[in-house]
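Notes follow once the structure below has been shown.
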Ligand SMILES: C[S@@+](CC[C@H](N)C(=O)[O-])C[C@H]1O[C@@H](n2cnc3c(N)ncnc32)[C@H](O)[C@@H]1O
């Protein structure tokens, strides 16, 4: 999706927490992610949350890092995050992380950083995924660590089956139509995150399956959880 489309999405969304499908409670989200990467990071480095959205996870992460910067391409998301999820050590900025000059300016300002990125890569065009990985490598430098959670093909098929079975999931159905995941065939993203990162100059420290908690409920009243993957990685010294 383009920045304009994301801006339109965020500016029409109700402001309350949980309005977006993925805007789950930090106790079910960032709090479960931190133990997966805490032992690998230097918490004195700044943490950059790429595609921070409402800032709900960003604000929680700020309890554990000295300085946190939430970046989002959508100005409407940045405004929402600043109004609803502020903290003394958090700054929110609107930035297209795919833009080379922006990436270079961030690098010059912060030096090595840790990166948190949840649910951003899958909605980028394949070429842009490569560019995003190049940016992340630049931002990590020698000492930063990335934690990423991403949707995969399996997420797409899971959603497709739910919707084909007639489940009433308005948020999921709306996004599936928007992002073309689930409603049609699998997403274009091949889902092989390990290969993608490994082949793009990252050393993988850890990876695995992890549910993405959503703010929607299945017909039997259970919170909808999507099958996704996580990865913890460093920029490889080989490149
Ligand atoms: C699915 S949302 C996830 C939001 C947040 N990470 C979370 O888990 O709540 C993806 C976010 O990435 C942002 N985004 C998309 N492309 C971006 C880019 N090139 N640079 C910065 N942010 C981007 C969108 O505006 C959106 O807020």
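Bridge orientation summary for the chain: considering DSSP beta bridges with both residues in this region, about 50 percent are antiparallel. Computed from Cα atoms, the angle from the helix 126-140 axis to the main principal axis of the chain rounds to 40 degrees.
Ordering 24, 84 by the number of other Cβ atoms within 10 Å of each residue's own Cβ, fewest first, gives 84, 24. The angle between the Cα long axis of helix 153-164 and the longest principal axis of the Cα atoms of the chain comes to about 20 degrees, rounded to the nearest 10. Here the stretch 1-58 is treated as a sphere whose radius is the Kirkwood value from Cα pairs; by Stokes-Einstein at 4 °C and 1.567 mPa s it diffuses with a coefficient of 98 µm²/s.
Volume of the convex hull of the chain (Cα atoms only), normalised per residue: 112 Å³.
Each reported figure results from applying straightforward, stated rules to the coordinates on display, with no laboratory input. Bear in mind that the values here come from a model prediction, so they are computed numbers and not experimental data. Glycine gets a Cβ as well: all are built from the backbone with ideal geometry, and neighbour counts include every protein chain shown.
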